[in-house]
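In what follows, a single structure is set out as structure tokens and then discussed.
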Amino acid sequence: MRWGMGIARQKLANSEAVPDELMGTVLSLLFAGATRPAGTGTRSAP
């Protein structure tokens, strides 16, 4: 989550520093993670 926020802040501060494709990928991953039902993660049990 912090990576996404950092990339978003950098995009706002200097739009040329972050490629549009990277920003789109980050937003897609954050949205996918936020909308995934609980208990469907890919982490294995300890």
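Does region 6-17 contain at least one residue that is at pLDDT below 80 and among the basic types (Lys, Arg)?
So far as region 6-17 goes, no, none of its residues is at pLDDT below 80 and among the basic types (Lys, Arg).
Can you list residue pairs whose Cβ atoms sit under 8 Å apart, with the first residue in region 15-32 being under 13 Å from residue 4 (Cα atoms) and among the aliphatic types (A, V, I, L, M) and the second being modelled with pLDDT under 85 and not in a helix (DSSP H, G or I)? Count only pairs 6 or more apart in sequence or on different chains.
These pairs meet every condition: 30/1.
Has region 26-46 got any residue that is among the β-branched types (Val, Ile, Thr) and at pLDDT below 75? Please lay out each step first, then the result.
If we filter region 26-46 for residues that are among the β-branched types (Val, Ile, Thr), which is where we start, we get 26, 35, 40, 42.
The next check asks that each one be at pLDDT below 75; those that pass are 40, 42.
Yes, the conditions are met somewhere in region 26-46.
The values are calculated or read from the model by the stated rules, or taken from the named source; none is laboratory data. These numbers were taken from a predicted model, which means no experiment stands behind them. So basically every Cβ, Gly included, is an ideal-geometry build from the backbone, and we count neighbours across all protein chains shown.
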